[in-house]
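The values are calculated or read from the model by the stated rules, or taken from the named source; none is laboratory data. All of these numbers come straight from a predicted model, not from anything done at the bench. So basically every Cβ, Gly included, is an ideal-geometry build from the backbone, and we count neighbours across all protein chains shown. Remember, those area values only see protein heavy atoms, side chains included, never the ligands or the DNA or RNA. Shrake-Rupley method; radii C 1.70, N 1.55, O 1.52, S 1.80 Å.
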Amino acid sequence: EDQVTQSPEALRLQEGESSSLNCSYTVSGLRGLFWYRQDPGKGPEFLFTLYSAGEEKEKERLKATLTKKESFLHITAPKPEDSATYLCAVQATGGATNKLIFGTGTLLAVQP
Amino acid sequence: DTEVTQTPKHLVMGMTNKKSLKCEQHMGHRAMYWYKQKAKKPPELMFVYSYEKLSINESVPSRFSPECPNSSLLNLHLHALQPEDSALYLCASSRPGPPAYEQYFGPGTRLTVT
């Protein structure tokens, strides 16, 4: 069964303290892996798409990387405005087209 | 522009009411989605439309009825809902795969069933 697991469930950082969020996946084959950011009561905001192992994408303080079993979202020198829930989702080759399998998310709190 | 709009923002309805949620996008996407999200949980897929045809129904109860009148609009008709249906309802759109394309989400409709 296709599965996505995110860790940790919650992470508290001091402003400027860099860290990484993990997304491990077990799928028959990977079509794509997606990272989203979600603020409370709002819809998820798209961050990155990764398609193959070794791929990396960057945007401001965020960098996403992909291996054959997991993806990392690296946050460099975070600011309080980076506080949110970060969701990882995959689309599997064995699954229905367009269907995303979501992890349960990492709740990030960055304190000033 | 990557905007998906949803109306209304909030909706309170009784168990005997009929109401509709609306979603609109102008990105030219031909795949549109409805998700349900409970507090502290990830979005849960309900329906997928691809080229205005229903392609995925995740065994959703018939009290939820989706409709895709054209390539820009998506509706979710609600009837005889239960209190446990209270949740954030999210609409999303994307280019239809394969390959895998990112989905863009709207702000959601907060639904409360009394």
Checklist outcome for this item: Per DSSP, the loop-located trypsin sites (Lys or Arg not before Pro) within the stretch B:1-97 having at most 11 other beta carbons within 10 Å are B:Lys9, B:Lys40
Checklist outcome for this item: chain B: relative contact order from alpha carbon pairs under 8 Å, six or more residues apart, as a whole percent, is 37
Item to check | Accessible surface of the protein assembly as shown, 1.4 Å probe, proportion on carbon and sulfur as whole % | outcome: 49
Checklist outcome for this item: Cys in chain B lacking any partner Cβ under 4.7 Å -> B:Cys68
Item to check | By average C-beta atoms within 10 angstrom, highest first, the peptides A:60-66, A:103-109, A:33-39 | outcome: A:33-39, A:103-109, A:60-66
Item to check | chain A: relative contact order as a whole-number percent, Cα under 8 Å and 6+ apart | outcome: 37
Checklist entry - Are any of the pairs A:Lys57/A:Lys99; A:Lys42/B:Lys41; A:Lys69/B:Lys38; A:Lys59/B:Lys53 more than 25 Å apart by Cα-Cα distance, and if so, which? => result A:Lys69/B:Lys38; A:Lys59/B:Lys53
